[in-house]
Amino acid sequence: MDMRNQAVLVTGASRGLGRALMEAFARRGARVVGVARDAKALEAAVAPLKAQGLTVHGLAFDVGDKQAIYPLVGAATALVGPLDVLINNASTLGPTPLPLLLDTACEDVSQVLEVNLLGPFRLTKAVAGSMVVRGRGLILNITSDAAVSAYPRWGAYSVSKAALEHLTRIWASEFEGSGVRLLTVDPGDMDTRMHSDALPDADPSTLAKPEDVAARILALVEARDTASGQRFEAARWEAA
């Protein structure tokens, strides 16, 4: 997939992997819209890229808010045209320190699902129709090893990512033959604020840099053999 002049939407773009993906795709020639809740943090991420002449825009929306989805997609489309790539990267852990499931409030589980599962579901509904009409498109859902491994205290987050992976497989089955692909990517452990919030005692020097992971994800997106519905681990891909 040649990213030049492709219209790309990245959620969770103010920091971490989302910011790195926004930059990586823009440097490859894509027209990128980054989305995040914090307008100031998002502007701080977008401004240096714009100053370098990259086609990057920032939109402050909360993907966990049902009422924000169609205004978000409308604003993004107005900036860069019909979306070719949607990257559902925005996630929340829920309360930290991470509690046992028995100590997790129902409301906290609901909020995690709103952001990590229903946000990508609603965004996919909002953009996939246009992709089907045009016969092409890619929806990339960022997952975690917590989706497949039962780690104590990661309950709400783990459940949301496991559901997101299966949702991706169902979408892929339903869109078979349409030209629209759906993939999930586990980026692995990264030196991000989210990782620090979850595991504050972890040694940052042992963690992958978001920029390196973004380069691997970009290489995956550009590869020719990524059939829809597959799950990938970024660490297994080498950036070109």
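The values are calculated or read from the model by the stated rules, or taken from the named source; none is laboratory data. As the structure is a computational prediction, the values presented were derived from the model and not from experiment. Ideal geometry is used to build each Cβ from the backbone, glycine not excepted, and the neighbour counts take in all protein chains shown. Please note that ligands, DNA and RNA were not included when accessible areas were found on the heavy atoms of the full protein model with its side chains. Shrake-Rupley method; radii C 1.70, N 1.55, O 1.52, S 1.80 Å.
Structure notes:
- Within the accessible area of segment 7-233 (1.4 Å probe), percent carbon and sulfur: 53 percent
- Options Ser130, Ala198, Ala13, ranked by Cα towards positive dipole end of the chain, top entry (Cβ charges): Ser130
- Highest average packing first - 30-40, 66-76, Cβ atoms within 10 Å: 30-40, 66-76
- Each Lys or Arg adds one and each Asp or Glu subtracts one; over the other residues with Cβ under 14 Å from the Cβ of Gly119, this totals +2.
- Span from the segment 87-103 Cα centroid across to the segment 168-210 one, whole angstrom: 14 Å
- Of the residues Gly64, Thr96, Pro48, the one whose Cα sits farthest towards the positive end of the charge dipole of the chain is Pro48 (charges of +1 on Lys and Arg Cβ, -1 on Asp and Glu Cβ, taken about the Cα centre).
- Positive-end extreme of charge dipole, the chain - chosen from Val159, Val85, Val35 (charges on Cβ): Val85
- Tensor-based shape of segment 146-210 (alpha-carbon gyration tensor, a/c under 1.5 rounded, otherwise prolate or oblate): oblate
- On a per residue basis, the chain carries 47 Å² of accessible surface, using protein heavy atoms and a 1.4 Å probe.
- Average Cα contact separation per residue, the chain, under 8 Å, 6 or more apart, as relative contact order %: 19 percent
- Cα shape, the chain, gyration tensor, a/c 1.5 rule: rounded
- Assigned charges on the beta-carbon of Lys, Arg, Asp, Glu; the chain dipole about Cα centre (debye): 880 debye
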